[in-house]
Amino acid sequence: MASPSLVFFARQADDTVLAYTVSLWVVLALWRLWRDPSRRTLDHAALAVGVALTAGAGVWVVPVAGLLWWAWVRPQVPQAVRDVLAAHWVRASGVALGTALLLSTAFFTNLDGVGVLLAQPARFVRLWLGLDGVGLVVPYMVAFMLYEWPLVLWGLLGGALLNTERPRLAAFLLAWCGAALVLPALFNSGWTGSLALAALPLALLGGVAVARLLDAVMTFHARQEMAALTGGVFILAAFFWLLLLAYGHGRVHDALLFLLVSMPVLIGALLVVAGALLSWGLAWRATGVLVLVAALFWQWHTAWQLVYADAPDPREPLVQQAPHPDLLYLSEFLPRISLERTLHADRAPLGIQRSLGVLPFWYAREFETVDALTTAPPTADEWQILLLDEAAPPPPGVLGQRVYLGRVWAWPGLRGTMLVKWVLFREAPGVVSWGGVLYVTTP
C-alpha cells in the first residue's frame, strides 16, 4: 500500500528516503539468510549492513527492532543459520565494516567521514527521544494518524493474517513499526522521518491484507451482484465527496458537519440492507472493497495535498520549513541584479545572515560567492547584495526592500467545523510570513 509520508520524503533532499530504502534491503537480505543460510547469503547480508551504516540515523531503527525480535526467536533459530554465522562471522564483519569505511570516506578520499559514521548512533538516539530537530505543530501520534490511519488499519489486519502463517515475519514487521513509533510518540519527538520509517513495515503488512481481500473477492460466486452493489455505493460516496468539497471550501459550516455524519450512515445502511436481502457474505466483501478504496483515496488525496498541489504548506505537520512564494521572485531578482553589476548572473558578491536559515542559501546556490554572516556588517564594501534580518541596522549606501522567505503556523486550537476543514483540506487561520531585508549597493 501507498503512504503519504513515504511519498513526501521521497522528494526531500535528506537521508530519510535513503534510510528506509536501505532498511528494506537489509531486512530482505537477512530474511533470505534465514531461509537459505549459506556463505553467499551471509555476504549479501553483510554488504547490505555495511551500506546501511552509512545511510543515515534512521537505519538504526532496524537493529533496535532486530534485537527485540531476536530476544523472542533466539531459541527457534535453525541450526543451519547458527552454523553459517559461527563459521563465517569474521568474514561477514569485515565485509560490513569495509563497505561502511569505503562509502563513508568516499574510498578514503575524505577521512572526516569516519567521524560522521561514528556519530550516527548518537544522532539516532537524540532524534528518537526528541532531543534534536524541530517540533511538530501537532502531537506526534496525531500527525501519524492524520497521514497513515489507512496503513494502521490494514497493517494490523495484515499482521493478524500473516501471524497465522509466518509468525516470526509478522512479529519482526510489527517490532520494526514499534521501534520507529513508540518512543517518538511517548516523548512527542519532532523527528518526522520516523513517520516514514514506521509506515514502511505497515505498508508491507497492509499488502498482505489487501491480497487476501482481493483473493476473497475474485473467488466469490456472486461477483456480478457485488460489482453492482459496490458500483452503486461508489457513486453515492463520490456524490457525497463532491458535496464535501463544495461546502468545505465555503462558509456553510452546518452542512459540512451534516454531510460528514450522514455519509457513513447512509452507506452503512445500504450495505446492511444489501446483506439482509441478498447475502451477508456479499455485504462483507463489498464493505472490504469500499474500505480499501476509501483508504487508497485518502492516501492519494493526502499525498497530493502534501506534495503536488501547491507550495509546501506550514499547516501540514510534515512540513517543517515552508518557503514563501516570494522566494521564487528572489531567485529571479538576484541574478538580474548580478547581471547589471558584473555582467554575469552569478558573480556579484552576496552575503546572507545565518539567522535567516537555510532557505535563502538554497535559492542562492548558483552564485559563486555566498558568505554566511554571523551578524549584520557595518558596511557593504565587500558585497554588492546583502540579505539581512529585519532587525539588523542597514549599512550605509544601500537600497533595501523587504522580502518574505518563509511561512510558519502554530496550532490555533481548532474545534468543530474548523477542525474538520483542517483535517480534510488543511484550511486553517494563523499562517504567518517571515523574512528579511534585501539590500543592494547603489551604483
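Values computed for the structure shown
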item	result
Peptide ranges 171-180, 425-434 listed from the most packed, as the mean C-beta count within 10 angstrom indicates	171-180, 425-434
³J(HN,Hα) computed for each position of the range 351-363 - Karplus, 6.51 cos²θ - 1.76 cosθ + 1.60, integer Hz, glycine/proline x	x, 10, 6, 4, 5, 7, x, 8, 4, x, 5, 5, 6
Under-5 Å amide H pairs with Asp371, H placed in peptide plane, nonlocal only	Leu350, Gly351, Ile352
Pairwise FRET efficiency - Thr109 versus Arg341, Cβ, R0 = 30 Å, nearest 0.05	0.20
J(HN,Hα) series, the range 404-418, from Karplus relation 6.51 cos²θ - 1.76 cosθ + 1.60, nearest Hz, glycine and proline x	8, 10, x, 9, 10, 8, 10, 4, x, x, 6, 9, x, 5, 5
Length gained when the stretch Arg166-Ser93 is fully extended (0.36 nm per residue, less Cα-Cα span)	23.4 nm
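Every read-out reported here was derived from the displayed coordinates using simple, explicitly stated rules and does not represent laboratory data. Given the structure is predicted, the values throughout are model-derived calculations rather than measurements. Backbone-built Cβ (ideal geometry, glycine too); neighbour counts: all protein chains shown.
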